[in-house]
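Asks: Shown below is the structure under consideration.
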């Protein structure tokens, strides 16, 4: 007799259950991996901020106490008060916010107008000029800051010195060469390209000219892009230490006034060599940094939804 080998038959249901189990295991492993990765990124971003908040409410005794970690034994607002007192915080913050908001509005006006032109009008050299705009985004500002400085130092035929004058920043922003102007033009250009052409065509049929169409039809539909550019311009101008440091070296903005806290607090106490006074000055400076961040976080919390919508619709994510 011939031996007959019988092969086990695996049912389709068994195969499906095995495939499903393997797929579920793979999904669980990937979920754990991405969760750990996300937690690592969150910790990397938030750890310095958490430490800054913790130090801002600590007393000097908590700093010297090795058992204290992040949570102070006796929380205090003295550091916040010292930061406000020794930096003239409210006056400098008001001045900085007015300056930043004014430039941000100017950025919106100029970038929206130029971006609309790139999006809706075809003219000779359109792509070349837009490539130059993109080039200003990629090129570090340190590369062309030297020529800009010389241009503002000897501005115009009469060689007027605009260094230290707000006109230097205003002129650069007005011609689309301000801080991150290229990016703002790109955002508006992408946003206007995403709007249906039927909107402007309908306005043209109704008798609206190019300027009227732009101001009364297109701009009301560009609120997400306006909020995005306004927020980015406000934040970057608020914390700018490069343009303002080169063109406005004598102006005291909130982001470069925190060094006064350390020196002024030590001067008020007289003893520069005391570890206690040095530590008190340091944590008061940390509290001052927290005060710098707070207005921007508040603005973002209020405009978060519009900001995210504008970023998504501008096409600069992904």
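Asks: For residue 18, all conditions in the list (1) out of contact with any helix residue (DSSP H, G or I) (no Cβ under 9 Å at 6 or more places or on another chain); (2) at pLDDT 80 or above; (3) over 30 Å from residue 244 (Cβ atoms) hold save one; what is the number of the exception?
Replies: (2)
Asks: Right, something else. Among the residues of the range 121-164, count how many are part of a loop (DSSP other than H, G, I, E, B) and either touching a residue at least 24 places away in the same chain (Cβ under 8 Å) or crowded, with 16+ Cβ neighbours inside 10 Å (or both).
Replies: 3
Asks: For the range 153-175, which positions are out of contact with any strand residue (DSSP E or B) (no Cβ under 9 Å at 6 or more places or on another chain) and under 17 Å from residue 106 (Cβ atoms)?
Replies: Within the range 153-175, 165, 166, 169, 170, 172, 173, 174, 175 qualify.
Asks: Quick one: would you say residue 26 is assigned to a helix (DSSP H, G or I) and either at pLDDT below 85 or over 30 Å from residue 251 (Cα atoms) (or both)?
Replies: Yes.
Asks: In addition: Which one of 86, 95, 118 is part of a helix (DSSP H, G or I), touching a residue at least 24 places away in the same chain (Cβ under 8 Å), surrounded by fewer than 17 Cβ atoms within 10 Å (Cβ to Cβ) and under 28 Å from the mean Cα position of the chain (by Cα)?
Replies: On inspection, the qualifying residue turns out to be 95.
Asks: Moving to a separate point now. Scan 80, 49, 42 and give me the residue that is free of Cβ contacts under 8 Å to residues at least 24 places away in the same chain and assigned to a helix (DSSP H, G or I).
Replies: Values: 80 fails: free of Cβ contacts under 8 Å to residues at least 24 places away in the same chain; 49 fails: free of Cβ contacts under 8 Å to residues at least 24 places away in the same chain.
After applying the criteria, what remains is 42.
Results for (1) surrounded by 15 or more Cβ atoms within 10 Å (Cβ to Cβ); (2) part of a helix (DSSP H, G or I); (3) touching a strand residue (DSSP E or B) at 6+ places or on another chain (Cβ under 7 Å); (4) free of Cβ contacts under 8 Å to residues at least 40 places away in the same chain, shown as yes or no for each residue.
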| position | (1), (2), (3), (4) |
| --- | --- |
| 69 | no, no, no, yes |
| 72 | yes, no, no, yes |
| 99 | yes, yes, no, no |
| 111 | yes, yes, no, no |
| 182 | yes, yes, no, no |
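Asks: Here is a follow-up. Name the helices (runs of 4 or more DSSP H) wholly inside the range 237-318 in which the number of residues that are at pLDDT 80 or above and touching a helix residue (DSSP H, G or I) at 6+ places or on another chain (Cβ under 6 Å) is 3 or more.
Replies: Details: elements: 243-247, 259-269, 275-314.
So the answer is 275-314.
For (1) closer than 25 Å to residue 253 by Cα; (2) modelled with pLDDT of 85 or more, each residue gets a yes or a no:
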{"residue": "153", "(1), (2)": "yes, yes"}
{"residue": "156", "(1), (2)": "no, no"}
{"residue": "161", "(1), (2)": "yes, yes"}
{"residue": "175", "(1), (2)": "yes, yes"}
{"residue": "185", "(1), (2)": "no, yes"}
{"residue": "189", "(1), (2)": "no, yes"}
{"residue": "202", "(1), (2)": "no, no"}
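The values are calculated or read from the model by the stated rules, or taken from the named source; none is laboratory data. Everything numeric in this text was worked out from a predicted model, so none of it was measured. Because the Cβ atoms are built from the backbone with ideal geometry, glycine has one as well, and the counts that use them run over all protein chains shown.
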